[in-house]
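Remarks on the structure that follows.
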Amino acid sequence: MTAHPALTEPSDQKAIVTKSKGEPLKRYALLGNPNTGKTTLFNRLCGLRAQTANFPGTTVETRIGKCNAQGSAIEVVDLPGVYSLYLDLPESQVCEQFLHDEEDEPRRADAAVIVVDATNLARNLIFVAQVLTQGIPAVVALNMTDIAQRRGLTIDCSKLSRLLGCPVVSICARSGDGVKDLLAELPNASVSGVGIPDSSDSHACVTWADAIVEHSVGGEFAIGEEGDTFTDRLDAAFTHPVLGVLIFAAVMFGLFVVIFWLAQFPMDFINWLFGTLGGIATTILPDGAVQDLVANGIVGGIAGTVVFLPQICLLFFLLTLLEDTGYLARAAFVMDSLLRRFGLPGHSFVPLLSAHACAIPAIMAAKLIPDRRDRIATILVAPFMSCSARLPVYVLLIGILFGHQPIYAGLAFAGCYALGAITGLLTALIARKSILKGPSLPMVLELPSYKMPSIRTALLTTYDRAKIFLRKAGTIILAICVVLWWLGTYPISDPPPEVVQLQAQSQAVEESDPELSKELLTNANRLYASYSAEHSFLGRLGRFTQPVFEPLGYDWQLTIGVLSSFAAREVFVSTMAVVVSASDSGDDADDPAVIERIRNAKRSDGSPVLTPATSASLLIFYVLAMQCLPTLAITRREAGGWKWAALQFGYMSALAYVAALIMYVSMRALGVA
Amino acid sequence: MSANAVNAHTPAKSPQGPMVSLAQLSSGARCRIAVMQLQPADTRLLNAMGLTDHCELCVCRPGEPCIVRINCTRLGIAGSLARKILVHLIDGQD
Ligand SMILES: Nc1nc2c(ncn2[C@@H]2O[C@H](COP(=O)(O)OP(=O)(O)OP(=O)(O)O)[C@@H](O)[C@H]2O)c(=O)[nH]1
Ligand SMILES: [Mg+2]
């Protein structure tokens, strides 16, 4: 075979330059086109020894891990897949920054490992050319060799290596074949000395890449010949305007049924576990503030976070599996035509859907959206979707409204979900036409081939997401719970005369009627807890701010419930349980007795705290209000600034207030008390 | 883009059909990119994804989205975009 004019052999291969100090570990960046198997390779190399971090100032996520190469530890960075280093996208810029030594943060990579899809060499080589011309030592990992082999392609790695001017190792990241060879080859990473066309000359690049393919690949690439009819048929069904939507609806329905059904078992277990832990803390610690802090503040706070973990894990596990099959790329097109009407791309669908479990992972999943404006719009409206933390509140309030009318109750549930989703979509539309005005990126997606999903990848992704959730949200929720506990507990007030009297009565009849004595004592304790709540800092705050919520029909007790929910909605039921008349048996929100007590709670004038009108108004308020500090923290992180978090908070709360007011006033006008 | 430029990179054996929009082709049609009447940023993205000038592609599924295959890459392209990509038909159109 004669040498192609576009190809030149390397003049020399400079060995990788080691850092002079030798302290930091040698850092290798995994680069490549999307879906070439970088993350799969990264997981093979580093397994659980990895940290996910947001690239400073962007919404792009990178993972850094450690592994052992030839007896010495190295650092590996998994970067997002990009089609080119020179696109005006944050992902491209992040990849480029890892190749250059401009700033201290992040430290530039010592060498690049370019992960290449062996079945799509021609296009991948254009990206290889871009990296090699950066003058950084590189190794090419030729991945997906199993598929290439099945298709009858043979790739001559040594020839490819000579033509590229850097080591080329054939691997199969999925099975792990060749990964050891790759590790052995890393120290030989070299700066390519071959003549590579400038990336600005796309035609020369294409010619160069084609020539390399011609010289190093045996067998036939299927170029426009007989198509893959199986893939074609699946694509036709999955992207069909009617059938595609039906399939998508069925898949999503299945996904969420599985999530909610499966999650309930670990959630019950977690509730039981922390209930037991709280009990143990109560038994072994002496009565007093420390016991209360540990049993209610800390254990309760951790339980409040961990209880969402099963849903989050299941969501990411199943979504990763689904994404791995190749289906989600098709689904994005199906949803695109629907979501475009609201100014959002098809990519937004998965985050918005995930937001029904919890807005935090949903906002984290918004990373998948290529365009910045689309991404921010999605982040802004994600908390409108009814998350699982709202469920206990819906259960309580709908139970009060339609306790014995299951059909109406079902409709009300569906209505809450619909109200949240529709308001979110309309808000997205308004945002894209005002503050986030601008053209959207056109919908072009690579449709990966259909595959059996990798359980290993899904498990590792799930582990990673769970860690981020626990770290980011867990610390904040825990802190909030402790602060709330403090505000709700202090200052400790002396028991009021009624309580003292009840306690005395209880003592008096202790001998003669133990039953009555116990009942009296229970009542005394409830009254005291309620009295303490009223006179705590939180109670005073509730009374102070109550006039703001007066037009919505909320008394000071509901105001305390609403205020404490601004930290996290799920505390509403437990806070209300304490405020309206606490029981000494704890504040288990699932306990029907607690719900009954809240339902029957009375104001000081004897009128019910929760009338149908206030319940309806409160329900609307909870559907629309931004009551979750951890979400605001995540919004700040992912959207890149407090201003977005502030906007989200202000807009949602104002909207919730107005909608709840309209609801209350119209219910009253209709004669519903 | 001039017709000359197209000819320069087109193998002589491939007939140079008239320019049509990618969205007009039916399934199984093979064609070669002629002109992309898009914003520069969109063109750059499509180029990087493998839809380069004069590359040969095969229409797998017309409509919304238009699914095409270039070598082993399958791309889904929104109909609005496919309408602005003009191609020379190689064969397969009824
Ligand atoms: N058959 C086969 N599949 C592989 C191999 N390596 C990765 N995959 C699969 O290819 C798909 C994409 O893998 P990822 O590791 O997520 O690819 P990536 O490069 O990290 O993708 P982005 O982060 O989106 O750029 C997954 O379904 C993997 O299971 C391989 O060697 N052989
Ligand atoms: Mg990846």
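Where strands (runs of 3 or more DSSP E) sit wholly within region B:43-91, those with at least 1 residues that are more than 8 Å from every other protein chain (Cβ to nearest Cβ) occupy B:56-61, B:66-70, B:85-91. Here the condition is being within 25 Å of A:THR52 (Cα to Cα), open to solvent by 10 Å² or more (accessible area, probe 1.4 Å) and modelled with pLDDT of 85 or more; of A:LEU380, A:LEU429, A:LEU401, it holds for A:LEU380 alone. Residues of region A:198-220 that are surrounded by fewer than 18 Cβ atoms within 10 Å (Cβ to Cβ), of a type outside the set (Asp, Glu) and outside any helix (DSSP H, G or I): A:SER200, A:GLY218, A:GLY219.
Screening region B:28-37 for residues that are more than 8 Å from chain A (Cβ to nearest Cβ) and not in a strand (DSSP E or B) and picking the one that is nearest to A:GLY32 (Cα to Cα) gives B:GLN37. Evaluating A:ASP181 against the criteria (1) closer than 30 Å to A:GLY71 by Cβ; (2) away from ligand 1 (no atom under 15 Å from the Cβ) leaves one unmet condition, (2).
Residues that are of a type outside the set (D, E, K, R) and within 14 Å of another protein chain (Cβ to nearest Cβ) were ranked within region A:94-121; the one that is surrounded by the fewest Cβ atoms within 10 Å (Cβ to Cβ) is A:ASN120.
Yes/no matrix, rows are residues, columns are (1) crowded, with 21+ Cβ neighbours inside 10 Å; (2) more than 33 Å from the chain's Cα centre (by Cα); (3) at pLDDT below 95; (4) within 14 Å of another protein chain (Cβ to nearest Cβ):
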site: A:ARG123; (1), (2), (3), (4): yes, no, yes, yes
site: A:ILE136; (1), (2), (3), (4): yes, yes, yes, no
site: A:ILE147; (1), (2), (3), (4): no, no, yes, yes
site: A:ARG151; (1), (2), (3), (4): no, yes, yes, yes
site: A:CYS157; (1), (2), (3), (4): no, yes, yes, no
site: A:GLY165; (1), (2), (3), (4): yes, yes, yes, no
site: A:SER175; (1), (2), (3), (4): no, no, yes, no
site: A:PRO187; (1), (2), (3), (4): no, yes, yes, no
site: A:ILE196; (1), (2), (3), (4): yes, yes, yes, no
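Under 8 Å between Cβ atoms, which residue pairs at least 6 apart in sequence (or on different chains) link something in region A:33-49 that is of a type in the set (D, E, K, R) with a partner that is within 7 Å of ligand 1 (Cβ to nearest atom) and open to solvent by 40 Å² or more (accessible area, probe 1.4 Å)? Hits for this filter: zero, empty list.
Take A:THR36 and tell me if it is within 16 Å of ligand 1 (Cβ to nearest atom), modelled with pLDDT under 90 and open to solvent by less than 20 Å² (accessible area, probe 1.4 Å). Judged against the criteria, A:THR36 is not a match. State whether the residues of region A:443-454 include one that is within 20 Å of the chain's Cα centre (by Cα), more than 16 Å from ligand 1 (Cβ to nearest atom) and open to solvent by less than 60 Å² (accessible area, probe 1.4 Å). Scanning region A:443-454, I find no residue that is within 20 Å of the chain's Cα centre (by Cα), more than 16 Å from ligand 1 (Cβ to nearest atom) and open to solvent by less than 60 Å² (accessible area, probe 1.4 Å), so the answer is no. Among the residues of region A:491-514, those that are out of contact with any Leu (no Cβ under 8 Å at 6 or more places or on another chain) and in contact (Cβ under 8 Å) with a residue 24 or more places away in the chain comprise A:PRO491, A:ILE492, A:SER493, A:PRO495. The criterion of at least 2 residues that are surrounded by 21 or more Cβ atoms within 10 Å (Cβ to Cβ) is met by the following helices (runs of 4 or more DSSP H) wholly inside region A:286-369: A:299-306, A:309-325, A:327-340, A:349-354, A:359-365. Has region A:495-507 got any residue that is open to solvent by 80 Å² or more (accessible area, probe 1.4 Å), under 19 Å from A:ILE302 (Cβ atoms) and assigned by TED's automatic domain parsing to the domain that holds A:SER565? Looking through region A:495-507, none of the residues is open to solvent by 80 Å² or more (accessible area, probe 1.4 Å), under 19 Å from A:ILE302 (Cβ atoms) and assigned by TED's automatic domain parsing to the domain that holds A:SER565.
The values are calculated or read from the model by the stated rules, or taken from the named source; none is laboratory data. Keep in mind that this is a model prediction, so the values were computed, not measured. We place every Cβ from the backbone using ideal geometry, glycine too, and count neighbours over all the protein chains shown. For the accessible areas, the whole protein counts, side chains as well, though only heavy atoms, and no ligand, DNA or RNA atoms are used. Shrake-Rupley method; radii C 1.70, N 1.55, O 1.52, S 1.80 Å.
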